[in-house]
Each structure stands twice: as C-alpha cells, then as structure tokens.
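Note sheet for the following structure.
The numbers here are math on the coordinates, done by the rules we state, and not lab data. What you are looking at is a predicted structure, and each value in this text was computed from that prediction instead of being measured. Note that we place each Cβ from the backbone using ideal geometry, even for glycine, and neighbour counts take in every protein chain shown.
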Amino acid sequence: MPAPVDPAAPAAGSGSTSAEPGLDPRGVRFAAAVTTVVLVLVLLSGSGWLAGAQAVVFALGAFAGMRFAPYSLLYRALLARRLGPPAEREDAAPVRFSQLVGFVFAAVATVGYLTGLTTLGIVATALALAAAFLNAAFGFCLGCEMYTVIARIRARLRARNPHTAEGATA
Amino acid sequence: MNTVGIVVVVGVLVVATVVGLVLRARAGRVRLATPGASPPGSGWALAAHEPGLDDRVLLLQVSSPVCTPCRQTAGLLGELVDSTPGLVHVEVDVADRPEVAAELGIMRTPTVVAFDRAGTELLRVSGVPRRPELVRALAPALAG
C-alpha cells in the first residue's frame, strides 16, 4: 500500500525522519486508546513495573520506529485487515515525536514509583494519561504541540548564552 | 485499588475532556486582531517576502516538522492563493526560525497570521482554518 505523496508538500518538516511510510490514522488512535487503558491501570495499581513496560513501548516507537511499536503491531495483526486500507495516511514523524515525549514522562513515572517517590510517579503518569486520552478521544496530539514551545525555549537559551547551548545539545 | 489512583484517573479524564472540547471548538476559528495590539508593519519582513505590486494580504503560516494538520493547512491555503488574486502564502518552520513564533507569540502549530499590505496583523487562525470563515474574514482587506 503506497503512501500518497503530496507533491505540494512544503519544505517544512522534510528535514526530519520522513523516510518512514505513512501511518494509518486509525492505528494511531487505537494505539493511543491502548496507552490510555495501560496508564489508567498504572494509576490504579501504582505499579512501577507496568509504568516501565509502557516506557519500553514508547521507546520502541520513538527510537526504533513506528513499525516496531507494539500497539501498532497489535493493530495490524487484529484490526487493519478487517477495516480495509485507510482513506488517507498520516506522517510518521509527528507520531514518533509524541512517542518520545511519552517515553520521557513514562520513564520519570517508572523511576518515581520504583524509588518510593510516589507523588512524582502519579504526576508524570497523569500528564501522560491526559496526552494519550486527548489523542484517543479527540485526535489531538499534545506531544506534537509541545514542539513549538520547546523550540522557542531552546532558541531563547541559545540567544542568551550562545557558547554553552551549542555544546550542551548532546 | 487505591483511592488516590481512582481520584487522579477521574480528575485527569474530566479535565482532559473539557480541554479537548474547548480545543475542538476553537480549532480553525478566525480570531480578529485587536487594532494596535501588534507592532505595525512587521508581517512581510517576518515572512522575508517583499510584497509585489498587486499583493494585498499575506498569510504567514507557522508550522513545525511534527505536525499533521500543518500539511492540510498548507494544502488548503495553497488552493486558496491559487484562486484568489492579491493573496500570498508563506510557510515558516519553527525548527528553522523559532524567532518568528516568538515574535508573534505563537505556541501552537499550525497558526496562520494574516497581514494587510502595510504589514499589520488582520487576524489569526490556529489549527486547520475553516475555509468559508477565513474567506469571509479576508474579503474586506482583499477588496480594499
């Protein structure tokens, strides 16, 4: 199934990892729904290990690519064939970035729960849950929305002390 | 089951639902600029675009690399510009030029800011613009 290539697509965004094929938007929503359920279970059980498992799920999508994201694999195995091909596909880069944001929150939650900083675990999980729920229920990508704010903060830091910011990106 | 967990889950879901409904209601809506709120004459310079003789309105679209609705917005505005004389569309990426987003106080992408020929802000739209609403709002500036 070839992803439709928009010939009028602007240069904006072409610099990122756009080599990945387009995603089925219904698969993205499905993955967000599963994530929502898992994060609810984390909050109800207070299990750091479950939070850790979700962090690994996020990490696979963010670092290995959406092809290897477990919930996307689940969608393809269970639902994709029954639903038929999607009417349109969505760019993988935004979703991948949101998985990275999710990974940061889930990792903090895991550390919080497992080290006895339960409040930290709860707050980090709650924020990740809000993001996952907004995506599942409204198709709104909170992780993607954070990009602009982060870019502005980084630009301001760089303007303030150009030397340290340049070397501190690693 | 712990009580704190249940309270947090219910609280988060209620707040997120309200936020989601508000965002959905606002997405793509035209917000008219309050006269004098923004410094005049900044629009075309931010877009790094000299207005041509017949150019009347600039649509400056601020996008980010991780933004699905940005592509849809670019497509819609591209069509609009093709069918509307005097209308110019310039897309700027926050990854390359974060200072444009900072200058205009933009926190979300896509945000489209419309400027008149003098470079003064007319209106802005966050999210994929609702085409008829945008066309109606731009009509006076395009005619004038």
Problem - Partner chain coverage, peptide B:12-22 - average Cβ within 10 angstrom - result: 5
Exercise for the section: Take the alpha carbon gyration tensor of chain B, find the square roots of its eigenvalues, order them as a ≥ b ≥ c, and report rounded if a/c is under 1.5; if not, report prolate when a/b exceeds b/c, else oblate. Expected result: prolate
Exercise for the section: Pull up all non-local amide H partners of residue A:22: gap of 5 or more, or a different chain, and H-to-H distance under 5 Å with H placed in the peptide plane. Expected result: A:3
Problem - Length-normalised contact order for chain B - Cα pairs under 8 Å, 6+ apart - percent - result: 34 percent
Fill in the blank from the handout: Within the protein assembly as shown, the percent of DSSP beta bridges that are antiparallel, given to the nearest 5, stands at 65 percent
Problem - Value of [θ]222 nm, deg cm²/dmol, for the protein assembly as shown, DSSP H segments ≥ 4, -39500 (n - 2.57) each, nearest 500 - result: -18000 deg cm²/dmol
Fill in the blank from the handout: In degrees rounded to 10, the 0-90 angle between helix B:131-143 Cα long axis and the longest Cα principal axis of chain B is 30 degrees
Practice task
Express in whole angstrom the spacing between the alpha-carbon centres of region B:1-73 and region A:122-148.
Solution key: 16 Å
Practice task
Give me the angle, in degrees from 0 to 90, between the Cα long axis of helix B:68-83 and the longest principal axis of the Cα atoms of chain B, rounded to the nearest 10.
Solution key: 20 degrees
Completion exercise
Over all directions, region A:25-141 yields a Cα convex hull whose mean projected area in nm² is 6.7 nm²
Completion exercise
Applying the gyration tensor rule to the Cα atoms of the protein assembly as shown (axes a ≥ b ≥ c; rounded if a/c under 1.5, else prolate if a/b exceeds b/c, else oblate), the class is prolate
Practice task
Note the angle between two axes, namely the Cα long axis of helix B:3-26 and the longest principal axis of the Cα atoms of chain B, as a number of degrees from 0 to 90, rounded to the nearest 10.
Solution key: 20 degrees
